[in-house]
Amino acid sequence: MRIFILFNLLILFSIKIPAQLDNQEKLKRLQEQKVDFFTKRLGLTNQESKKFWPVYNDYQNRKNMISQERKNTVKYFLENSENIGEEETAELLDKYISYQKKETKLLEDYTNKFREFLPEKKVIKIFILEVQFRQWLLKMHMKPRPNVR
């Protein structure tokens, strides 16, 4: 019986590992594309690039944490909206607004950090390029659909 369980666990883990590696490889390629996209369009010098990427990656990590907290709050509300009262709903709404405030504060803080080593034009381009990169990704991954009449 132990051998049977061990064998099944081995099969289970051997199936999950390639999927995880595949996701890691996709994330690595996505990050490489983003670095290339930003570096070319921002016109970063080698010196600027060395300073930019650690700060930008930290900014993105913090922004992603706020976004994940917001998603968790929304998910909780959607899953429980029928069972929660006005008071808890008000608390969730206040939480949601606090995430927007945190994101705004983060934007202000990191704009100032970028200003320490980048010219103003490059700083504003960072935030424009974030939107353009998402649009570029969507365009790259959208599959043409046949015309249905």
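The values are calculated or read from the model by the stated rules, or taken from the named source; none is laboratory data. Values in this document were obtained by computation on a predicted structure and should not be read as measured data. Glycine gets a Cβ as well: all are built from the backbone with ideal geometry, and neighbour counts include every protein chain shown.
Quick notes on this one:
- Pairing each residue of segment 52-64 that is farther than 17 Å from T39 by Cβ with any residue that is modelled with pLDDT of 95 or more and aromatic (F, W, Y), provided the two are 6+ apart or on different chains, yields C-beta distances under 9 Å for D58/Y110; R62/Y110; K63/Y110.
- Pairing residues of segment 98-113 that are at positive phi with residues that are outside any helix (DSSP H, G or I), at Cβ distances under 7 Å and at least 6 apart in sequence or on separate chains, gives no pairs at all.
- When segment 77-108 is filtered for residues that are surrounded by 12 or more Cβ atoms within 10 Å (Cβ to Cβ), under 15 Å from Y59 (Cα atoms) and acidic (D, E), only E103 remains.
Here's the yes/no breakdown for (1) charged (D, E, K, R); (2) assigned to a helix (DSSP H, G or I); (3) in contact with a helix residue (DSSP H, G or I) (Cβ under 8 Å, 6 or more places away or on another chain):
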position: T89; (1), (2), (3): no, yes, yes
position: L93; (1), (2), (3): no, yes, no
position: T104; (1), (2), (3): no, yes, no
position: E108; (1), (2), (3): yes, yes, no
position: F117; (1), (2), (3): no, no, yes
position: K121; (1), (2), (3): yes, yes, no
position: F133; (1), (2), (3): no, yes, yes
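- Matching residues, segment 43-66, being over 20 Å from the mean Cα position of the chain (by Cα), surrounded by 12 or more Cβ atoms within 10 Å (Cβ to Cβ), in a helix (DSSP H, G or I) and not hydroxyl-bearing (S, T, Y): E48, K51
- Test: residue in segment 112-120 that is closer than 20 Å to S49 by Cβ and in contact with a Leu (Cβ under 9 Å, 6 or more places away or on another chain): yes
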